[in-house]
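Student: One structure coming up, written as structure tokens, with questions to follow.
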Ligand SMILES: Cc1ncc(COP(=O)(O)O)c(C=O)c1O
């Protein structure tokens, strides 16, 4: 076991002290959204109590302060993913908006009818639907790289899909329904060998492992703040500067302009060009606090701790008769998707909830993945930096009991 | 271990989940409607045979959670032999019971269906119980398109 300050970390998350249905909360729905440390809560309270005003718009003291905090958060994000410049960090509402931005701005301006976009069989709807919409609008074609029964991308088939007409690859760094971590370095290398840019959907990967966009050499990387212990309503689009420069704005409005007359508008430079309107100011400053928090613990340390948790949970699960793990990739993050013989995931969800255990039951916004495995839904336990072996024991005991009750 | 859930998961529900009644395709049905709960992926197909405004036979196919399976299984039992009008009245009563619109459930009228009253305490699960009945409602109104709980 690694040396990990789990007691301290748990104490930092006030909600973990709550009870649910008179039982201590066991929160295992982290892939949907993570809980927030006190530092993030305090940051929001601080902004609204002491330093709030709109940004980039005033000469008055509070506006200058808020702008400074906001831009400091941008610098924190830049450092966190090791981007070359803060010009490459665009604040959005979440991973979903970031992908839509790329589809509508990059896709519409750089792609044309007949061009192909390659995704994988394990994508979240957020990395499927925006591309389908683009295909309907301009006649591009969506291609899906298959996976095997373990939930691993079949790399050779992915590579074969990369052809003359392929103009973009968009793929999950880590799958939310299966936990699979894709071989993103190889994916980027294979695509770049054919001059195809790559978007990585990092919504699931970002809280679980160090991410270095320059080492990955990806062209776009997107994630949501709320899955990284930060506030909801925050998200990040990283894009290589040259690509972002060439892209038209996504939305028009205040903050994204240099000069407006009724005849013509000159757009602002990066990153403001893509940030029309008032953003989630306090929340994005709070995202900066979340990044400080996980950085202090260390992303490598968190990854190592969660790997131990996942190994332990997988071992326990494999001993339960009638419990079937969905997604058994060799490279996997802290997600345990499962079904129980003859027990519907919704019943699992309600029954575990009565024991204070929060898991997700459903299709996890990945209906094609459910179809692939021939199940309507799965139950999913997903781990975060604050979960413990004891909580996994409570989960497994709950599962055993409900198998008994259903008989 | 699951004491808190006794109101929701009554023995009758486990029983119908294990051994759903009228779980078959009806070849000579004259009404057939699909019901779908996009939230959880539950799907069912309801078959009715209606002769002279009386439901002479009811059956279903599909897969769902224990609540939705028990609900549709119980429903096919109870509507058999009822007139369309009586079945519509049951639908209304069932809907009111599960959504908590009326405090007092007319237990006599609703009979065995009362075992599903527990869902009203679980807003996330109400649709599991009502999917069957919305599908029935569509079948009675002779609608062809699939029913969704959205
Ligand atoms: C892999 C993946 N991509 C994209 C998203 C969308 O994130 P959001 O809803 O925060 O925009 C999610 C969220 O569940 C996800 O897991």
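Student: Between the stretch A:329-402 and the stretch B:1-66, what is the C-alpha centre distance in whole Å?
Tutor: For the stretch A:329-402 versus the stretch B:1-66, the Cα centre distance is 25 Å.
Student: Rounded to the nearest 0.05, what FRET efficiency is calculated for residue A:314 and residue B:14 with R0 set to 22 Å and r the Cβ-Cβ distance?
Tutor: 0.15
Student: Related question: Count, for each residue of B:12-19, the Cβ atoms from other chains sitting within 10 Å of its Cβ, then give me the mean as a whole number. Kindly include the intermediate steps, with their values, before the conclusion.
Tutor: Numbers: counts 0, 1, 3, 0, 0, 6, 3, 0.
Shielding by partners across B:12-19 averages 2.
Student: Further, regarding this structure: If one puts a single equal scatterer on every Cα of the stretch A:41-296 and applies the Debye formula without solvent, what log₁₀ I(q)/I(0) results at q = 0.07 Å⁻¹?
Tutor: Scattering profile of the stretch A:41-296, log10 relative to I(0): -0.24.
Student: Roughly what percent of Cα-Cα pairs across the stretch A:180-311 reach past 21 Å? Could the numbers behind the result be given before it?
Tutor: Working: 4649 of 8646 pairs.
In whole percent, the long-distance tail amounts to 54.
Student: I'd like the distance between the alpha-carbon centres of the stretch A:151-188 and the stretch A:31-109, rounded to an integer number of Å.
Tutor: 29
Student: Kindly state, as a whole number, the per residue volume in cubic angstrom of the convex hull around the alpha carbon atoms of the stretch A:342-402. Please report the intermediate quantities before stating the final value.
Tutor: On the way: hull volume 5.7 nm³, N = 61.
Per residue, the Cα convex hull of the stretch A:342-402 comes to 93 Å³.
Student: Springs between alpha-carbon pairs under 10 angstrom, Gaussian network model over chain A: which of A:206, A:154, A:285 fluctuates most?
Tutor: A:154
Student: Helix-only estimate, please: 222 nm mean residue ellipticity of chain B, summing -39500 (n - 2.57) across DSSP H runs of length 4 or more and dividing by its residues, to the nearest 500.
Tutor: After summing the helix terms and dividing by the residues of chain B, the value is -11500 deg cm²/dmol.
Student: Also, quick follow-up: For the pair residue A:192 and residue A:45, what calculated FRET efficiency results from E = 1/(1 + (r/R0)^6), where r is the Cβ-Cβ distance and R0 = 56 Å, to the nearest 0.05? List each step's numbers first, then the result.
Tutor: Numbers: r = 45 Å, r/R0 = 0.80.
Efficiency, rounded to the nearest 0.05: 0.80.
Student: Related question: Would you calculate the volume per residue, in Å³, of the smallest convex hull containing every Cα atom of the stretch B:7-141?
Tutor: On the way: hull volume 12.8 nm³, N = 135.
With only Cα atoms used, the stretch B:7-141 gives 94 Å³ per residue.
Student: Now for a separate question. Considering only chain B, what is the antiparallel percent among its DSSP beta bridges, to the nearest 5? Let's see the in-between values first.
Tutor: On the way: 17 of 20 bridges.
In chain B, approximately 85 percent of DSSP beta bridges are antiparallel ones.
Student: Please arrange A:138, A:119 by counting, for each residue, the other beta carbons lying within 10 Å of its beta carbon, fewest first. Walk me through the numbers before you get to the answer.
Tutor: On the way: A:138 14, A:119 23.
If I rank by nearby Cβ atoms, fewest first, I get A:138, A:119.
Student: Quick one: what does P(r) look like for the stretch A:1-126 with 5 Å bins over all Cα pairs, in whole %?
Tutor: 2, 7, 9, 13, 15, 15, 14, 11, 7, 4, 2, 0
Student: Ok, one more. Once both labels are modelled 7 Å past Cα along the beta-carbon direction, what's the residue A:330-residue B:54 spacing in nm?
Tutor: Modelled inter-label distance: 6.8 nm.
Student: Taking 7 Å along the Cα-to-C-beta vector as the label spot, tell me the residue A:125-residue B:145 distance in nanometres, rounded to one decimal.
Tutor: 1.8
Student: Moving on to the next point. Measure off 7 Å from each Cα along the Cα-to-Cβ vector at residue A:214 and residue A:2, then give the distance between these two points in nanometres to one decimal.
Tutor: The modelled label-to-label distance comes out at 2.4 nm.
Student: Which peptide among B:15-26, A:180-191 comes first, and what is the full order, when sorted by highest mean count of other Cβ atoms within 10 Å? Before the final figure, lay out each step's value.
Tutor: Numbers: B:15-26: 16.4, A:180-191: 19.4.
Most protected by this proxy first, the peptides run A:180-191, B:15-26.
Student: When only C-alpha pairs under 8 Å and at least 6 residues apart count, what is the relative contact order of chain A, in percent?
Tutor: Numbers: 806 pairs, mean separation 93.0, N = 407.
Reported as a whole number, the value is 23 percent.
Student: Mind checking A:355-363 for the average number of partner chain beta-carbons within 10 Å of each residue's beta-carbon? Write down the numbers at each step before the final one.
Tutor: Numbers: counts 4, 0, 0, 0, 0, 0, 4, 4, 4.
Other-chain Cβ atoms within 10 Å of each residue's Cβ, averaged: 2.
Student: What ranking do A:105, A:49, B:71 get, fewest neighbouring Cβ atoms within 10 angstrom at the top? Each step should come with its number before you reach the end.
Tutor: Values: A:105 22, A:49 9, B:71 27.
Taking fewest neighbouring Cβ atoms as first place, the list is A:49, A:105, B:71.
Student: Also, quick follow-up: Helix-derived [θ] at 222 nm for chain A: sum -39500 (n - 2.57) over DSSP H runs of at least 4, divide by residue count, nearest 500? Present the calculation step by step, with values, prior to reporting the outcome.
Tutor: Values: 14 runs with 155 residues, N = 407.
So the calculated ellipticity at 222 nm is -11500 deg cm²/dmol.
Student: Let me ask you something else. In the stretch A:191-252, what percentage of the DSSP-assigned beta bridges are antiparallel, given to the nearest 5? Could you put the intermediate results ahead of the total?
Tutor: Details: 5 of 8 bridges.
For the stretch A:191-252, the DSSP antiparallel bridge percentage is about 60.
Student: Expressed as a rounded percentage, what relative contact order does the stretch B:7-141 have, with Cα pairs under 8 Å and six or more residues apart?
Tutor: On the way: 229 pairs, mean separation 38.7, N = 135.
This gives 29 percent for the stretch B:7-141.
Student: On average, how many beta carbons from a partner chain sit within 10 Å of the beta carbon of a residue in B:66-78?
Tutor: Working: counts 8, 4, 3, 2, 0, 0, 0, 0, 0, 0, 0, 0, 0.
Mean partner-chain Cβ count within 10 Å for B:66-78: 1.
Student: With both partners inside chain A, how many of the DSSP beta bridges are antiparallel, as a percent to the nearest 5? All intermediate terms of the calculation are to be shown ahead of the outcome.
Tutor: Working: 29 of 47 bridges.
Counting only bridges with both partners in chain A, antiparallel ones make up about 60 percent.
Student: Another question, if that's okay. Can you give the FRET efficiency to the nearest 0.05 for residue A:62 and residue A:108, using r as the Cβ-Cβ distance and R₀ = 56 Å? Spell out each step's value before the answer.
Tutor: Details: r = 38 Å, r/R0 = 0.68.
It comes to 0.90.
Read-outs: derived from the displayed coordinates by stated rules, not from any lab. These numbers come from a predicted model, not from an experiment. Positions of Cβ are backbone-derived with ideal geometry, glycine not excepted, and every protein chain shown enters the neighbour counts.
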